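Everything on this sheet refers to the single structure shown next.
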């Protein structure tokens, strides 16, 4: 794990990269990294995020700046700019059920090829997907999701990269931290090793590649 500035962290991300961004409607989202993505004008990003947040907040900032070429998520209903970009075919939006979304990311982090779910069987969701019968019940094979980069926000981080989360931030940050080639973290508080009790570590340090320095 290496400590870097926010400018150095975002400079690692090339145009066209796939990025997972933690958080739920902008809560528990690494705002400093998103601000820097906008400042450095990274373009053509493939975004994997639960939602499109709202304009000027969370990943909504990336839609404000028209930096997203594709999004995989669960809804965009509170972001009119994301909706406009989808309807104009500026951005390809792949909307999937939230449970399926979370489990596909979890599968990616655990080295699995995908998950079996009954959600979507017999609907248009089934088109182009493999249907598998198990014990007389039909399931769809939903492939695992991974990304080039995961942008994560934690409540606590120590100098080895161990992370603990607060409240809603725990929804997607931990699973995304397992499902990317490079993990970049911001934290509200960076503390000495030992301050976070072992039982409270949610994301262990070996999963973290870069920790953005505070201040």
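Listed values, structure above:
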{"quantity": "Selection within the range 144-177 - over 16 Å from the mean Cα position of the chain (by Cα) and assigned to a helix (DSSP H, G or I)", "calculated": "167"}
{"quantity": "Residue in the range 112-130 that is closer than 30 Å to residue 4 by Cα and within 18 Å of the chain's Cα centre (by Cα) present", "calculated": "no"}
{"quantity": "Subset of the range 19-43 [surrounded by fewer than 19 Cβ atoms within 10 Å (Cβ to Cβ), outside any helix (DSSP H, G or I) and in contact (Cβ under 8 Å) with a residue 40 or more places away in the chain]", "calculated": "27"}
{"quantity": "Options 161, 120, 136: the member that is farther than 21 Å from residue 102 by Cα and either touching a helix residue (DSSP H, G or I) at 6+ places or on another chain (Cβ under 6 Å) or touching a residue at least 40 places away in the same chain (Cβ under 8 Å) (or both)", "calculated": "161"}
{"quantity": "Test result for residue 81, surrounded by 16 or more Cβ atoms within 10 Å (Cβ to Cβ), out of contact with any strand residue (DSSP E or B) (no Cβ under 7 Å at 6 or more places or on another chain) and assigned to a loop (DSSP other than H, G, I, E, B)", "calculated": "no"}
{"quantity": "Unmet criterion (only one of (1) surrounded by 18 or more Cβ atoms within 10 Å (Cβ to Cβ); (2) at pLDDT below 95; (3) under 24 Å from residue 30 (Cα atoms)) for residue 162", "calculated": "(2)"}
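The values are calculated or read from the model by the stated rules, or taken from the named source; none is laboratory data. Being a predicted model, the structure only gives us computed values, none of them experimental. Note that each Cβ is placed from the backbone with ideal geometry, even for glycine, and that neighbours are counted across all protein chains shown.
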